[in-house]
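The values are calculated or read from the model by the stated rules, or taken from the named source; none is laboratory data. As the structure is a prediction and not an experimental result, all values here were calculated from the model. Cβ coordinates were reconstructed from backbone atoms using ideal geometry, including for glycine residues, and neighbour counts include every protein chain displayed. Each accessible area value is taken on the protein alone, full model and side chains, heavy atoms only, with ligands, DNA and RNA left out. Shrake-Rupley method; radii C 1.70, N 1.55, O 1.52, S 1.80 Å.
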Amino acid sequence: MERPTKEQVQRLPLYVGLGIGDINIIETELDALNAVKVLEREKCLGFDTESKPIFRKGQTSPGPTLIQLATESKAFLFPTRFPFAVSAANAILNNPDIQKVGFGIKGDNKELRNKLNINIVNTQDLSVVLKNLVQDENLIGAKAAVAMVLKFRLGKGAQRSNWAQYPLQQHQILYAANDAHAAISVKKSLADRLG
């Protein structure tokens, strides 16, 4: 296994992941309770956050506007505009019995701690795992990891969209859910390969 070139990635089929019917947006307290009930039964979850992009030098990020958690079959999106959504996400992110996996999560962890007072525990950064596995000198991001491990191209079109805008548009919902879903899919594929 080695890091693919940009040209090799572009030739791969698009990663489909989850459809809109498999994605739950936490917009009510009942949604939050139901999400925690489902997620607390898992041993490992895909994890990511989205923040409003910063385009001007000197601007600081307002922090994550969305927290994403995914199982192998469902994704849960927690808009940080809702205190009950933050509390529900915090209950899962603070749970030491559930491993949270993602790409480049050191920055996500820092933002969650500094902006939302969430101390995430039991994480695994797949960027580091893959870097060490293939003995690359650089971290391996989500797009390269999905290409290397799953043989698909992860779309990144919505990455720079306005995540502070609400409600989210369908392309943002799919992008956010599948960023977290790609992490759990890569983790599972690596576990199956490596035993």
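Data table
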item: Per-region count, the range 45-75, residues buried (at least 24 other Cβ atoms within 10 Å of the Cβ) and either in contact with a Gly (Cβ under 6 Å, 6 or more places away or on another chain) or at pLDDT below 75 (or both); result: 3
item: Leading residue by the ranking (nearest to Ala183 (Cα to Cα)) among those in the range 102-128 that are open to solvent by 70 Å² or more (accessible area, probe 1.4 Å) and within 16 Å of the chain's Cα centre (by Cα); result: Lys106
item: Count of residues meeting criterion [farther than 22 Å from Lys188 by Cα and either of a type in the set (Ser, Thr, Tyr) or open to solvent by less than 30 Å² (accessible area, probe 1.4 Å) (or both)] in the range 129-166; result: 4
item: Only listed residue being at pLDDT below 95 and either assigned to a strand (DSSP E or B) or farther than 21 Å from Ser87 by Cβ (or both), chosen from Asp108, Asp136; result: Asp136
item: Criterion violated by Gly17 - all others in (1) of a type in the set (Gly, Ala, Ser); (2) closer than 29 Å to Lys151 by Cβ; (3) in a helix (DSSP H, G or I) satisfied; result: (3)
item: Matching residues, the range 1-40, being charged (D, E, K, R), closer than 30 Å to Leu133 by Cβ and in contact with a strand residue (DSSP E or B) (Cβ under 9 Å, 6 or more places away or on another chain); result: Arg11, Asp22
